[in-house]
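Take a look at the structure set out below.
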Amino acid sequence: MNIHEYQARELFGKYGVATQPGRVASTPEEAEKVAVELGTKELIVKAQIHAGGRGKGTFKNGFKGGVHVCASPAEARDIAGKMLGQVLVTHQTGAEGKLVGKIFVGEAVEIARELYFAVLHDRATSGYTIIASTEGGVNIEEVAEHTPEKIVKVAVNPALGLQAYQSRNLATALGLRGPLINQAVKLFGNLFTLFVKCDCSMVEVNPLVVTKDGRLMALDAKFNFDDNALYRQPDVVAMRDKTEEDPREVAASEFNLNYIGLDGNIACLVNGAGLAMATMDIIQHYGGSPANFLDVGGGASKEQVTAAFKIILSDPHVRGILVNIFGGIMDCNVIANGIVAAAKEVSINIPLVVRLEGNNVAAGKATLAASGLALVSADSLDDAAQKVVAAVKKA
């Protein structure tokens, strides 16, 4: 789950992470009111969407840029009016862009230096890793590729947490001196506490800035949360903006299905993440293109399988479906009944290839055979992939 920039700032405020003053607005009038209340000479107005590259983006109404510096509340209102309700296209949104429903109005700060700071889970050490760099405001991937010596990594023991000496060492490595070191120790410590308390999988602050008047603050941030821990994070869940997500992925989450839409035309319905990835790979191997990742899990119900088919068929690009089930915990007959139930509710008029193996497979195959559905059975994953790719190409 992702959150908006203004929501990240709300979390910063809750955990004492220094950031620029400002608030969210949904109308030009609200933007002007926030600007007046801030009482600062220069303001910044930023479109709120789940995508990067906003500053260099273009609105479909022709207005340039999703980030603007303003000199007055009136100008903030004018800029807000050109952003709100408009679609912003950036290099991350694709040509379809994203609709801007909110903007952030904040104090414009004079930046002396831009730094990078992130906390993330590290599977290699079963702990946490902090990544920092003197090169902020740019893609960290480019820094890693071209100047890896400018990246600092610190492993944090989960049992001990981030220690003050580690924060001081990080501050020194980032070239911070004098009072800025104390500011850094506080900011890094609070940010790490936020990361742990909110069950984050990643917190990326880019840029972390030093202002010309000697303040260290998190100017922009990206949060990722552990979806499996959201049940204990009601305040975070309340921040979810479903309008920013693929509606198919939203529908899947309501049935506890793991779904990610792709740009191919062969839909996959599989149980188990590893098997789902292998299924997508073999479709690609035989010249096809997967339309989605869809893992129904090890104990899916008939209702979940039916919902999965509805989600798959809601994608207009899908030209064929491959069901690949290996029954361990999963009962193959449950999948078969789900397929039949889905066919009764939603017309399946595209090639459907089904490969069942494992727990109660004989009953599953019997259910499908008695259903009268126009489907193709496959004996192996290799066989199934070849059949669905051939059927889609023929169609």
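The values are calculated or read from the model by the stated rules, or taken from the named source; none is laboratory data. All figures in this text were calculated on a predicted structure; none of them were measured in a lab. Neighbour counts are summed over all protein chains in view; Cβ atoms, including those assigned to glycine, are modelled from backbone coordinates with ideal geometry. Remember, those area values only see protein heavy atoms, side chains included, never the ligands or the DNA or RNA. Shrake-Rupley method; radii C 1.70, N 1.55, O 1.52, S 1.80 Å.
For this structure, a couple of remarks:
- Residue within segment 355-378 that is of a type outside the set (Phe, Trp, Tyr) and within 20 Å of Asp263 (Cβ to Cβ) present: no
- Qualifying positions in segment 136-184 - assigned to a strand (DSSP E or B) and either open to solvent by less than 50 Å² (accessible area, probe 1.4 Å) or among the aliphatic types (A, V, I, L, M) (or both): Ile151, Val152, Val154, Ala155, Val156
- The set of residues in segment 261-282 being without any contact (Cβ under 8 Å) to a residue 60 or more places away in the chain, assigned to a helix (DSSP H, G or I) and small (Gly, Ala, Ser) consists of Ala273, Gly274, Ala276.
Each row is one residue, and each column tells you yes or no for (1) loosely packed, with under 14 Cβ neighbours inside 10 Å; (2) part of a loop (DSSP other than H, G, I, E, B).
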residue	(1), (2)
Ala31	no, no
Lys41	yes, yes
Val45	no, no
His50	no, yes
Gly62	yes, yes
Gly81	no, no
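- The single condition from (1) more than 29 Å from Ala184 (Cβ to Cβ); (2) assigned to a loop (DSSP other than H, G, I, E, B) that Thr19 fails is (1).
- Residue within segment 85-103 that is at pLDDT below 95, touching a Lys or Arg at 6+ places or on another chain (Cβ under 7 Å) and farther than 22 Å from Arg240 by Cα present: no
- Among the residues making up segment 305-330, a single one is buried (at least 19 other Cβ atoms within 10 Å of the Cβ), within 26 Å of the chain's Cα centre (by Cα) and of a type in the set (S, T, N, Q): Thr306.
- Selection from segment 283-303 of residues that are in a helix (DSSP H, G or I), polar (S, T, N, Q) and surrounded by 18 or more Cβ atoms within 10 Å (Cβ to Cβ): none
- Segment 242-259: number of residues that are of a type in the set (D, E, K, R) and over 16 Å from the mean Cα position of the chain (by Cα): 1
- Per the conditions (1) under 23 Å from the mean Cα position of the chain (by Cα); (2) at pLDDT 95 or above, the sole criterion not satisfied by Ala171 is (1).
- Looking across segment 185-206, just one residue is of a type in the set (Asp, Glu) and assigned to a strand (DSSP E or B), and that is Glu204.
- Among the residues of segment 218-235, those identified as in contact with a strand residue (DSSP E or B) (Cβ under 6 Å, 6 or more places away or on another chain) and hydrophobic (A, V, I, L, M, F, W, C) are Ala218, Leu219, Ala221, Phe223, Phe225.
- Count - residues of segment 94-135 that are open to solvent by 10 Å² or more (accessible area, probe 1.4 Å) and in a loop (DSSP other than H, G, I, E, B): 15
- Single match in Asn333, Asn349 (criterion: over 21 Å from Met280 (Cα atoms) and surrounded by fewer than 19 Cβ atoms within 10 Å (Cβ to Cβ)): Asn349
- Residues in segment 64-79 that are in a loop (DSSP other than H, G, I, E, B) and exposed (fewer than 15 other Cβ atoms within 10 Å of the Cβ): Ala71, Ser72.
- Residue check, Ser371 farther than 22 Å from Glu254 by Cα and surrounded by fewer than 15 Cβ atoms within 10 Å (Cβ to Cβ): no
- Scan segment 207-260 for residues that are open to solvent by 60 Å² or more (accessible area, probe 1.4 Å), assigned to a strand (DSSP E or B) and more than 27 Å from Arg168 (Cα to Cα) and the total you get is 2.
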